[in-house]
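Working notes for the structure below.
The values are calculated or read from the model by the stated rules, or taken from the named source; none is laboratory data. All of these numbers come straight from a predicted model, not from anything done at the bench. Here the Cβ is made from the backbone with ideal geometry for all residues, glycine too, and neighbour counts use every protein chain on show. Accessible surface areas use protein heavy atoms only, side chains included; no ligands, DNA or RNA. Shrake-Rupley method; radii C 1.70, N 1.55, O 1.52, S 1.80 Å.
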Amino acid sequence: MESVTLAGIQTARARIGEAIHVSPCHLSHHLSELAGLPLYLKLENLQRTGSFKERGALNKLLTLNEAERKRGVIAASAGNHAQGVAFHAGVRGIRAQIVMPLATPLVKVAATRSYGAEVILHGASYDEACDEAMRRRLEEGRTFIHPFDDIEVISGQGTIGLELLEQVPDIEAVIVPIGGGGLISGIACALKESNPDIHVVGVEPEKLPSMIRARAEGKPVTIPAEATVADGIAVRRAGDLTLPLVTRYVDEIVTVDDEEIASAILMLLEQEKTLAEGAGAAALAAVVQSKTNLHGRRTVVMVCGGNIDVTLLAKIIERGLVKDGRLLRIRVYLQDRPGALLALTRILAHERANIVETVHNRAYYGVSLGETVIDVTIETRGATHITAISQALRGANFRFERIQ
């Protein structure tokens, strides 16, 4: 059976040439100190369409013969793969259809259409969208471009591994997110065939460990659907081609939960000034949460995509501020008379706490007729500042409680 090889990955790199950006791979001093090992970030979120997916999509497109190009291509995707196929097909004048689930965020649908693809909204899930894409492929004779279970797609993703060998010549470990396994299969093949001592770690969302299950069962198995912030790697079934490659080349697979991923997104944004989606931050989450012990090895973390919904990002930022103690909400019980609120705000102003929001309530929380309750959201400088504010309120005989 034909499989992915180092020679095939090298051919893919020569084929795609300068059409794909060689993304930066820099040493992060802050994250290196935090993790206790030399940590490099490979920023595939800086690709034209915001993720690594266009490498495999382009490599596949460039292998089509003239007849296949004329018939066009089709793909099923709710995000990054869709945009990668749409962009590179459009540049080369190849008609592309992308079948996306009905619930796909409008911003992703609009981006895919803007690259020139025909978008078909169908089904409640990726699986239903994929079934429709396969039906149309047979009906219209288009070439189906699989998001991960295709030799040329995997080889395209493997070009990242060749870049890493040049950018970090003494690389000792790499941490890669896993969805269907296309990215890690290509990278691991390129690295291990060049230097078998490089340690390869895969990272899956805790809610959807499809590759871990497949390795345990010895074959791909379909696991129940689950919602996760890492929607880019929320794959229910590992690939038939990727599983043997992962089994052969990947040393270990770990999982991270949504809270750990969200924390890594915020860390990348605040410390590295780079925007990652959930899947793009999963590898970093595994490092900072010590899910794997790399013993000081020179390590590359894949930041594989940056296409995150802005409303989700806003929620992650707010939750992160609360978790770090930089955003605090307290419920204060006041006498319902003129000047009571002024006394409270004077204390907060004296403690240099910025009021973000206030909400009055006279009918709930067990207040008496002569009382009112006010929920105050304030910006603070962290735990020490919160302690000072609490002591000042108690010293002024205010009754209050922290709202978690």
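Summary of values
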read-out	value
Some residue of segment 197-214 being assigned to a loop (DSSP other than H, G, I, E, B) and either at positive phi or free of Cβ contacts under 8 Å to residues at least 12 places away in the same chain (or both)	no
Some residue of segment 256-269 being more than 18 Å from ALA285 (Cβ to Cβ), open to solvent by 20 Å² or more (accessible area, probe 1.4 Å) and either touching a residue at least 24 places away in the same chain (Cβ under 8 Å) or in a helix (DSSP H, G or I) (or both)	no
Selection within segment 198-222 - open to solvent by 10 Å² or more (accessible area, probe 1.4 Å) and in contact with a helix residue (DSSP H, G or I) (Cβ under 9 Å, 6 or more places away or on another chain)	GLU206, LYS207, ARG215, GLY218, LYS219, PRO220, VAL221, THR222
Conditions (1) over 20 Å from ALA19 (Cα atoms); (2) among the hydrophobic types (A, V, I, L, M, F, W, C); (3) modelled with pLDDT of 95 or more; number of the one not met by ILE151	(1)
Residues of segment 104-119 that turn out to be out of contact with any Asp or Glu (no Cβ under 8 Å at 6 or more places or on another chain) and over 12 Å from THR49 (Cβ atoms), as a count	8
Test: residue in segment 276-284 that is part of a loop (DSSP other than H, G, I, E, B), among the small types (Gly, Ala, Ser), at pLDDT 95 or above and surrounded by 17 or more Cβ atoms within 10 Å (Cβ to Cβ)	yes
Strands (runs of 3 or more DSSP E) lying entirely in segment 7-112 (those with 3 or more residues that are touching a residue at least 24 places away in the same chain (Cβ under 8 Å), among the hydrophobic types (A, V, I, L, M, F, W, C) and closer than 17 Å to ASP150 by Cβ)	73-76, 96-100
Scope segment 46-76; condition modelled with pLDDT of 95 or more, crowded, with 23+ Cβ neighbours inside 10 Å and of a type in the set (A, V, I, L, M); matching residues	ALA57, LEU58, LEU61, VAL73, ILE74, ALA75
Segment 113-141: number of residues that are over 20 Å from the mean Cα position of the chain (by Cα) and either in contact (Cβ under 8 Å) with a residue 60 or more places away in the chain or part of a helix (DSSP H, G or I) (or both)	18
Residue, farthest from GLN167 (Cα to Cα), within segment 24-45, restricted to residues that are among the hydroxyl-bearing types (Ser, Thr, Tyr) and either open to solvent by 20 Å² or more (accessible area, probe 1.4 Å) or out of contact with any Asp or Glu (no Cβ under 7 Å at 6 or more places or on another chain) (or both)	SER32
Failed item, numbered, when PRO169 is tested on (1) open to solvent by 60 Å² or more (accessible area, probe 1.4 Å); (2) within 17 Å of the chain's Cα centre (by Cα)	(2)
Residue count for segment 118-151, restricted to those that are farther than 20 Å from ASP231 by Cβ and in contact with a helix residue (DSSP H, G or I) (Cβ under 8 Å, 6 or more places away or on another chain)	7
Sole exception among (1) more than 18 Å from the chain's Cα centre (by Cα); (2) surrounded by 23 or more Cβ atoms within 10 Å (Cβ to Cβ) for ILE233, by number	(1)
Candidates GLY179, GLY158, filtered to the one that is closer than 17 Å to LYS53 by Cα and either modelled with pLDDT under 95 or open to solvent by 20 Å² or more (accessible area, probe 1.4 Å) (or both)	GLY179
Candidates VAL85, VAL91, VAL99, VAL107 - the one that is more than 25 Å from ILE154 (Cβ to Cβ) and either at pLDDT below 90 or of a type outside the set (Phe, Trp, Tyr) (or both)	VAL107
Any chance GLU252 is in contact with a strand residue (DSSP E or B) (Cβ under 7 Å, 6 or more places away or on another chain), more than 16 Å from LEU313 (Cα to Cα) and open to solvent by 20 Å² or more (accessible area, probe 1.4 Å)	yes
Subset of segment 107-144 [closer than 18 Å to LEU64 by Cβ and of a type in the set (D, E, K, R)]	GLU118, ARG136, ARG137, GLU140, ARG142
